[in-house]
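First up is the structure itself, then whatever we jot down about it.
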Amino acid sequence: MDSPKVSIVIPCYNVEKYLCQCLDSVVNQTLREIEIICVNDGSTDSTLSILQKYASEDTRIKIIDKPNGGYGESMNRGFDMASGEYLGIVESDDYADLDMFERLYACAKEHDLDVAKSGFYFYFSKPGEQNTPRVIASPITSGRTFCPVTDFQSKREMVDFFNIKPTIWSAIYRADFIRCNGIRFHETPGASYQDASFNFKVWVCAKRVRLMEECFLHYRQDNEASSINSPGKVYCICDEYDEMERFLNAHPIEKGILEPVMVRIKFDSYNWNYERLAEPLQAEFIQRFHDDFERHEIDGTLQKDYFEWYKWRTIHQILKNPTVYHELRVKVKNGEDAPTFEEATKEKRLVNGKELPFLLDKLAGGFCCIREHGLWYTIKYFFRKIVRRFGK
């Protein structure tokens with residue numbers, strides 16, 4: 001057989017419950033010229049025997065069987081073995097539409113792309129099957145080929161793009177592009193958000209990218225063993241951003257453009273991580289949150305132009321007093337009355353040396369929101385806050 005058009009890497013760890021659905025969706029792809037590399041990462045269930053059964057029936061399947069080393073190591077091993085023109089990923093608890101790789105490959109070839117990326121479905125198998133499409137192409141990115149580093153007109157547009165959910169498995173990557181730029185997965189233990197730094201490295205280096213509006217990959221949301229359901233991994237997201245910083249330091253031209261972008265999306269990631277943790281772990285993580293962003297404030301990479309006004313306010317509350325910020329968040333979550341941050345820290349906004357009254361303070365925030373985001377956004381934001389506060 002000629003060199004495959006796409007090598008599809010499937011990392012596997014104790015996925016006997018979902019693996020057949022995944023493999024059936026890959027071996028029956030309408031693009032037949034594919035290579036399927038299954039990496040068994042030390043599974044202790046019947047995962048390996050399932051892989052061996054499928055491999056005995058389809059010569060395109062290759063198996064790497066190794067001791068447990070984590071998601072990043074598995075992906076690097078799979079990419080190293082791949083001989084295809086493009087590289088794809090299907091995680092072993094997800095499944096793909098049968099024309100996924102034919103459509104992605106056709107797009108990549110037509111436009112000579114480093115990366116062709118599509119939307120995806122949030123997939124729930126219980127209580128009844130449900131697929132909710134998530135289109136990632138925005139009006140700015142849809143229907144055009146672009147470079148993520150040079151082709152956006154504003155800082156906010158660049159932030160919006162780099163803030164797209166990584167979804168590294170809803171794309172294909174030109175193999176030469178990955179290898180020539182030294183793009184590797186971060187080899188940390190387990191499956192701990194290694195997609196974040198890989199995705200960032202891809203956007204740092206890519207010159208020709210296209211986002212498709214179609215959705216092909218079904219991303220399972222009800223696998224209890226998934227890393228998204230692991231509250232114990234408190235600092236894994238920090239490791240990924242440390243890896244992004246290391247990569248940027250090795251690319252000084254892109255670093256000058258992208259470092260404030262990286263800090264901005266880091267804020268969202270840290271905030272997401274903080275909100276998902278149990279309260280005692282939140283209290284621990286908020287101090288790391290503070291320390292990392294204090295460093296960014298000192299080195300000048302924390303820049304106001306990249307933030308919405310309310311997120312800029314939040315990060316400065318964390319920088320000013322992370323303990324008080326956390327205590328107030330806990331009260332709000334528990335439905336308790338809570339003072340404003342300024343009240344809790346006994347600091348008031350002053351105008352001409354006089355304290356700004358509460359209502360005027362709120363109005364000032366509202367006018368700021370209207371100025372940055374428009375009246376309709378401000379109205380929706382206001383009602384969302386009302387629903388969150390009184391909807392219980």
> For the range 279-317, what are the residues that are more than 23 Å from E343 (Cα to Cα), open to solvent by 30 Å² or more (accessible area, probe 1.4 Å), modelled with pLDDT of 95 or more and not charged (D, E, K, R)?
Replying inline: I298, G300, Q303
> Hey, G70 hits all of (1) closer than 23 Å to F120 by Cα; (2) modelled with pLDDT under 95 but one; which does it fall short on?
Replying inline: (1)
> Would you pick out the residues in the range 1-51 that are of a type in the set (A, V, I, L, M, F, W, C) and assigned to a loop (DSSP other than H, G, I, E, B)?
Replying inline: M1, V15, L31
> In the range 1-54, how many residues are polar (S, T, N, Q) and either buried (at least 19 other Cβ atoms within 10 Å of the Cβ) or under 25 Å from the mean Cα position of the chain (by Cα) (or both)?
Replying inline: 8
>> Looking only at the range 87-97, filter to residues that are open to solvent by 10 Å² or more (accessible area, probe 1.4 Å) and under 21 Å from E214 (Cβ atoms); which one of those is farthest from the chain's Cα centre (by Cα)?
In response: D97
> Of all residues in the range 149-161 being part of a helix (DSSP H, G or I) and surrounded by 18 or more Cβ atoms within 10 Å (Cβ to Cβ), which is farthest from the chain's Cα centre (by Cα)?
Replying inline: M158
> Out of the range 104-125, which residues are surrounded by fewer than 18 Cβ atoms within 10 Å (Cβ to Cβ) and within 17 Å of P4 (Cβ to Cβ)?
Replying inline: A106, K109
> Restricting attention to the range 74-86, which residues are open to solvent by less than 50 Å² (accessible area, probe 1.4 Å) and more than 11 Å from I10 (Cα to Cα)?
Replying inline: N76, A82, G84, Y86
> Quick check: anything in the range 59-81 of a type in the set (D, E), assigned to a loop (DSSP other than H, G, I, E, B) and in contact with a helix residue (DSSP H, G or I) (Cβ under 8 Å, 6 or more places away or on another chain)?
Replying inline: no
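Only one of K255, K320, K331 is open to solvent by 30 Å² or more (accessible area, probe 1.4 Å), touching a Leu at 6+ places or on another chain (Cβ under 8 Å) and not aliphatic (A, V, I, L, M); which? If you could, list the steps in order and put the result at the bottom.
Details: K320 fails: touching a Leu at 6+ places or on another chain (Cβ under 8 Å); K331 fails: touching a Leu at 6+ places or on another chain (Cβ under 8 Å).
Criteria check complete, one pass: K255.
Given the structure, is R264 within 24 Å of K117 (Cβ to Cβ) and of a type in the set (K, R)? Lay out the reasoning, then the answer.
On the way: within 24 Å of K117 (Cβ to Cβ): yes; of a type in the set (K, R): yes.
Taking the combined requirement at face value, the residue satisfies it.
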> Being under 19 Å from H218 (Cα atoms) and not in a strand (DSSP E or B), is that true of even one residue in the range 111-121?
Replying inline: no
>> Between a residue in the range 141-155 that is farther than 17 Å from K201 by Cα and any residue that is among the hydroxyl-bearing types (S, T, Y) and at pLDDT 95 or above, which pairs come within a Cβ distance under 8 Å, given they are 6 or more apart or on different chains?
In response: K155/Y306
>> What are the pairs with Cβ atoms under 6 angstrom where one residue, in the range 283-304, is farther than 25 Å from K333 by Cα and the other, located anywhere, is of a type in the set (V, I, T) and open to solvent by less than 20 Å² (accessible area, probe 1.4 Å)? Sequence gap at least six, or different chains.
In response: H296/V263; T301/V263; L302/V263
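Do the conditions hold for I183, that is, is it touching a Cys at 6+ places or on another chain (Cβ under 7 Å), among the β-branched types (V, I, T) and modelled with pLDDT of 95 or more?
Values: touching a Cys at 6+ places or on another chain (Cβ under 7 Å): yes; among the β-branched types (V, I, T): yes; modelled with pLDDT of 95 or more: yes.
When the stated conditions are applied, I183 passes them.
Output the residues belonging to the range 128-144 that are of a type in the set (A, V, I, L, M) and open to solvent by 70 Å² or more (accessible area, probe 1.4 Å).
V135, the sole residue that qualifies.
The values are calculated or read from the model by the stated rules, or taken from the named source; none is laboratory data. What you see is a predicted model; the values in this text were computed from it and never measured. Reconstructed Cβ throughout: ideal geometry from the backbone, glycine too, with neighbour counts over all protein chains shown. The accessibility values were calculated without ligands, DNA or RNA, using every heavy atom of the protein model including side chains. Shrake-Rupley method; radii C 1.70, N 1.55, O 1.52, S 1.80 Å.
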